[in-house]
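The values are calculated or read from the model by the stated rules, or taken from the named source; none is laboratory data. Treat the numbers as computed from the prediction; the structure is a model and nothing was measured. Methodologically, a virtual Cβ is constructed for each residue, glycine included, from the backbone with ideal geometry; neighbour enumeration extends over all protein chains shown.
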Amino acid sequence: MTETTVRDEGLLRQSGRALLVSIHGAQRALKLYPVENAAVQRALDELVGTAASVCKLEGVVEIRLAGDFIFINQTRLRLGLDNFAAFSGFVALMKGCGVGLLRIEDGVTRREFQAFLSITGDLPADFDPDERLELLQQRMQQADIVRLSVGRAGEVGAETAAEADEGLERAKRTYAHGVAVARDVVHGVRMGRMPSTRRLKRAIQTIVDQVMENELSITGLTTLREFDEYTFTHSVNVCIFAVALGKRLGLDRLQLYDLGLAALLHDIGKARLDQAILNKNSALDEQEWRTMQSHPWLGTLTLFKMREGEDLPYRAILAAHEHHMKVDLSGYPRPVRPRSLGLFTRLIAVADGYDAATTRRVYQSVPWEADAVLRDMWFNPGRGYDPTLVKALINLLGIYPVGTCVILDTFEVAIVAGPSPDPEQLDRPLVRVVVDESGSRMPPPGELIDLSIPSADGTFRRTIVKVTSAERYGLVVGDYFI
Ligand SMILES: [Fe+2]
Ligand SMILES: [Fe+2]
């Protein structure tokens with residue numbers, strides 16, 4: 001593939017996503033407001049605009065469904081967390097009308113889109129998909145819609161979908177679902193409701209099952225932090241890291257369910273804090289810091305209350321209470337009597353510290369690189385982590401976790417795709433070269449290279465020189481890893 005086609009494909013993917021988001025936006029606006037409403041008009045304008053720009057790239061645009069995958073012409077769109085709602089909304093819309101293929105031609109007007117979306121929202125529910133598709137086509141003709149057409153899914157999409165990486169898609173869905181459930185729990189507590197643990201437990205079971213099945217694809221997802229839902233993604237990330245660590249320590253599935261639940265709820269006390277303090281983008285003053293430090297207590301109280309009607313493991317309450325205490329008990333809250341922290345607490349503290357330090361947040365515009373965080377957790381006893389568990393985390397992630405962008409001594413830029421297969425060579429992970437020595441971008445997914453394998457003469461052809469940020473090279477990590 002040449003450089004131009006790679007760029008075009010990236011561009012198509014990007015505008016394809018934008019197109020789905022605006023179809024979804026217009027569809028929702030039409031459902032909520034009358035046509036003449038300003039929000040509807042704005043949404044339709046935006047839709048016509050994005051459609052025009054995709055058509056300019058490709059001439060004719062065909063959006064095709066194959067299973068749960070969406071293709072724009074020959075390119076499969078990747079599911080992201082920021083566009084998850086738009087994707088599932090679009091799939092539901094198409095499936096609801098028996099449509100597998102939507103064709104958009106250059107010059108499509110806002111009248112056509114408006115008529116099309118109104119018709120799709122108004123098909124009789126008791127028809128089967130084939131009948132609905134037929135009726136939709138009829139009505140589109142009556143409404144004089146010529147630059148939009150619909151049909152069943154084509155063969156090409158189905159074949160390509162079979163090759164697509166279903167494991168990763170499934171991992172993404174699990175992750176997105178975990179984030180949604182975490183969001184509901186936090187909102188519930190904010191509104192003074194006690195959330196039910198049943199849904200929560202189901203989400204955690206799926207996460208645990210996937211960690212057991214394919215640790216790499218789900219832990220890899222925690223590196224995709226392109227979204228600003230820190231509160232929710234943080235608890236899901238901590239849950240994934242804690243469960244993956246627990247699995248390495250030999251905990252059984254039932255113990256992992258409890259651990260995952262405890263991890264997901266570790267910061268639940270924050271739901272009862274003032275949002276202004278949580279989202280403050282400058283240093284906290286003393287009073288605010290004290291308030292912030294009350295979240296383990298508030299969490300403990302919340303979980304005790306939750307436990308009244310539900311079956312919640314005691315260790316989850318303990319972890320919410322202890323996760324900032326540090327192993328030498330110099331953290332907060334200060335315990336009255338000497339104690340030793342439970343295993344769940346120590347595991348969650350390590351997962352929590354790692355995720356918090358590597359994530360970009362309102363008050364932390366440049367996140368630490370993962371390798372520096374791991375080094376600090378390992379060498380700085382003041383952080384108060386259990387050293388054995390930090391070692392286990394390094395073994396789990398490698399010194400360079402999946403998704404880390406690195407510069408090699410060959411002047412190539414690569415993205416870490418997996419830990420080194422050789423535990424003695426943690427500094428030589430699997431990588432995918434994404435920028436070659438002349439500075440040209442390589443097409444995703446890029447060549448997979450095991451840095452731990454020496455050349456015939458016993459020397460290494462490539463060695464990591466330093467960690468860099470993917471943004472500096474305009475790379476979207478998610479397009480390359482796995
Ligand atoms: Fe916390
Ligand atoms: Fe936390």
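Summary of values
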| read-out | value |
| --- | --- |
| The range 355-385, subset away from ligand 2 (no atom under 16 Å from the Cβ) and assigned to a loop (DSSP other than H, G, I, E, B), residue modelled with the lowest pLDDT | 365 |
| The one condition in (1) more than 30 Å from residue 470 (Cβ to Cβ); (2) touching a residue at least 60 places away in the same chain (Cβ under 8 Å); (3) touching a Ser or Thr at 6+ places or on another chain (Cβ under 8 Å) that residue 344 fails to fulfil | (3) |
| Residue match in the range 105-114 (condition: of a type outside the set (Phe, Trp, Tyr), more than 34 Å from the chain's Cα centre (by Cα), more than 19 Å from residue 20 (Cβ to Cβ) and crowded, with 17+ Cβ neighbours inside 10 Å) | no |
| Elements of type strands (runs of 3 or more DSSP E) contained in the range 410-482, each with 2 or more residues being β-branched (Val, Ile, Thr) and in contact with an Asp or Glu (Cβ under 9 Å, 6 or more places away or on another chain) | 430-435, 464-468 |
| Residues satisfying the stated conditions in the range 230-286, i.e. aliphatic (A, V, I, L, M), under 17 Å from residue 199 (Cα atoms) and within 12 Å of ligand 1 (Cβ to nearest atom) | 263, 265, 268 |
| Residue pairs meeting the criteria (Cβ under 9 Å; at least 6 apart or on separate chains; first in contact (Cβ under 8 Å) with a residue 60 or more places away in the chain, in the range 312-336; second surrounded by 15 or more Cβ atoms within 10 Å (Cβ to Cβ) and assigned to a loop (DSSP other than H, G, I, E, B)) | 312/265 |
| Residue that is surrounded by the most Cβ atoms within 10 Å (Cβ to Cβ) [pool: residues in the range 254-309 that are of a type in the set (S, T, N, Q) and assigned to a helix (DSSP H, G or I)] | 302 |
| Any pair with Cβ under 9 angstrom, 6 or more apart, that starts in the range 52-66 at a residue that is at negative phi and ends at one that is assigned to a strand (DSSP E or B) and charged (D, E, K, R) | 60/103; 61/103; 62/103; 63/103; 66/76 |
| Residues that are within 13 Å of residue 240 (Cα to Cα) and assigned to a loop (DSSP other than H, G, I, E, B), drawn from the range 170-219 | 214 |
| Pair list, Cβ < 7 Å and 6+ apart or interchain, from the range 107-132 residues that are among the charged types (D, E, K, R) to residues that are part of a helix (DSSP H, G or I) | 110/44; 110/45; 110/48 |
